[in-house]
1. Extending each Cα 7 Å along its Cβ direction at Ala28 and Leu46, get the distance between those two points in nm, one decimal.
2. Rounded to the nearest 20 Debye, what is the dipole magnitude of segment 1-77 about its Cα centre when Lys and Arg each give +1 and Asp and Glu each give -1 at the C-beta?
3. What list of ³J(HN,Hα) values in whole Hz, one per residue of segment 38-45 in order, does the Karplus curve 6.51 cos²θ - 1.76 cosθ + 1.60 (θ = phi - 60°) give from phi, with Gly and Pro shown as x?
4. Subtract the Cα-Cα distance of Glu53 and Ile68 from 0.36 nm times their separation in residues, and report this length gain in nm to one decimal.
Amino acid sequence: MWQGFQIVPDQASTISRGVDYLFYFLTAIDLFFTAIIFLAIFYFALRYRRRSEHQQAEQIEGSLPLEIAWTLIPLGIYVLETHPESPPATALSSFGGPNGRIEA
């Protein structure tokens, strides 16, 4: 059934082996962190499960400053990374200038 099945196609260039190895490396990292997250969820689900019907969780009130902070900090990082007025330094050297024109 699996005979002749390839995960990646035949090499079409000299750098394709490196690209394949990069793909395998990134896949391994993804699987590693997926396993870590799964094990953490499983551990905490078992550790903090309700042991009886009479055991009730405490009601915890939220913290408005904390909720504002964990909303605004990622928003700020996103805005800084995607701001169109500040291209990365490599873009300037690749295209010749801040306006994208190649000057002779």
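Laboratory data are not the source of any read-out in this text; all were calculated from the coordinates shown. Quick caveat: nothing in here was measured; it's all calculated off a predicted structure. Heads up, the Cβs are rebuilt from the backbone with ideal geometry, glycines too, and the neighbour counts pull from every protein chain shown.
1. Label-label distance for Ala28 and Leu46, simple model: 2.8 nm.
2. Working: 5 positive and 7 negative charges, 58 e Å.
It comes to approximately 280 debye.
3. 4, 5, 5, 4, 4, 4, 5, 5
4. Values: separation 15, 0.36 × 15 = 5.40 nm, distance 3.50 nm.
Extra length from Glu53 to Ile68 when fully extended: 1.9 nm.
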